[in-house]
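What follows draws every value from the coordinates through simple rules; no lab data is involved. Since this is a predicted model, take the numbers as computed values, not measurements. All Cβ positions, glycine included, derive from the backbone under ideal geometry; neighbour counts span all protein chains shown.
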Amino acid sequence: MSCYSIPLAAAVILFIARKIRHNKDRNLWLLNMIFASGTVMLVIDHWLNGELFLIGENIEFDLALGAVMTLGAAAFWAIVIVSEKTFTANKTKIKI
């Protein structure tokens with residue numbers, strides 16, 4: 001029930017790190033938005049089901065579930081970035 005805390009922590013930590021380093025990298029911004037939007041969706045889901053501030057019987061399971069969802073979102077981000085770079089590299093080599 002508190003599985004949204006891990007992606008929320010990842011979004012906040014990444015946001016603070018980007019601001020401290022004055023990093024305007026578009027790829028890190030995209031990762032931050034994926035974490036933030038995932039957190040918003042999870043909070044809305046828990047709120048609609050009436051379990052927003054409930055802590056489940058097995059907090060370790062909830063946190064592990066949040067970690068898996070965060071890693072899944074990061075993997076999705078990595079696939080998008082690699083695909084974009086591959087497509088861009090192949091597009092510049094092709095002469096039409």
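For the chain, the 222 nm mean residue ellipticity estimated from helices alone, with every DSSP H stretch of n ≥ 4 adding -39500 (n - 2.57) and the total spread over all residues, rounds to -27500 deg cm²/dmol. For residue 82 and residue 60, a Förster radius of 25 Å and the Cβ-Cβ distance give a FRET efficiency of 0.20, rounded to the nearest 0.05.
Taking other C-beta atoms within 10 angstrom as a stand-in for reagent exposure, 48, 71 fall in the order 48, 71, fewest first. Within the listed set 39, 70, 86, the Gaussian network model of the chain (springs between alpha-carbon atoms below 10 Å) gives the highest mean-square fluctuation for 86. For segment 28-64, applying the loop criterion from DSSP together with a ceiling of 14 other beta carbons within 10 Å to the chymotrypsin sites (Phe, Trp or Tyr not before Pro) yields 53.
Computed log10 I(q)/I(0) for segment 5-93 at 0.13 Å⁻¹: -0.53, from the Debye equation with unit scatterers placed on every C-alpha and solvent omitted.
Computed over the chain with a Gaussian network model linking Cα atoms closer than 10 Å, the most mobile of 64, 11, 36 is 64.
About the Cα centre of the chain, what is the dipole size in debye to 20, counting +1 per Lys and Arg Cβ and -1 per Asp and Glu Cβ, all else neutral? Before the final figure, lay out the partial values.
Working: 9 positive and 7 negative charges, 225 e Å.
For this selection, approximately 1080 debye.
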